[in-house]
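Worksheet for the structure shown next.
The values are calculated or read from the model by the stated rules, or taken from the named source; none is laboratory data. Everything numeric here is computed off the predicted structure, so don't read it as measured data. Side chains are part of the model used for accessible areas, which takes the heavy atoms of the whole protein and leaves out ligands, DNA and RNA. Shrake-Rupley method; radii C 1.70, N 1.55, O 1.52, S 1.80 Å.
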Amino acid sequence: MAFPITRLRRLRRSEPLRSMVRETRLTPENFVYPLFVCPGKNVRKEVRSMPGVFNLSVDEAVKEVREARSLGVPSVILFGLPENKDEVATGAWAEDGIVQQAARAIKGEVPDAILMGDVCLCEYMSHGHCGIVKAAAQSLGAAVAAPRPSPQNTKS
């Protein structure tokens, strides 16, 4: 009989065979660790709605990246939590923005870390909208810029 009636399973007979032909393998090097960076020193404030997730000051973020690298996780995505918000998301593209500070500090201490920058601006905008205003500058030094979908650009 022909497929799909007869399904040949010769490559599923043993674990070594299944392992050899398995398509997807997840290892720590496939992971991207999200970090929420905020102003201050020695800040490690748990996000109540996400147990085990913390808002981290730059110094704490560097420690966290160092630890992630020691566990084999090469990539982090930085989400900024600026001290001040405004109508044009100044903190997202300012030279001294929180993500920019974190990126420089991480690259200085853990140069082989792969940095990704979130380009959503809702945290930087006083009105909370995820508009695009000079967003590309935020990811200065990042290997990947990761946009976050908003209701405006996810409608079919």
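Per residue, the solvent-accessible area of segment 1-98 (1.4 Å probe, heavy atoms of protein chains only, all protein chains present) comes to 71 Å².
For Lys45, a cut-off of 16 angstrom between C-alpha atoms picks up these aspartates and glutamates, skipping any fewer than 8 places away in its own chain: Asp59, Glu60, Glu64, Glu83.
Amide H to amide H distances under 5 Å link Ile77 with Tyr33, Leu35, Met116, where only residues 5 or more positions off or on other chains count and H is placed in the peptide plane.
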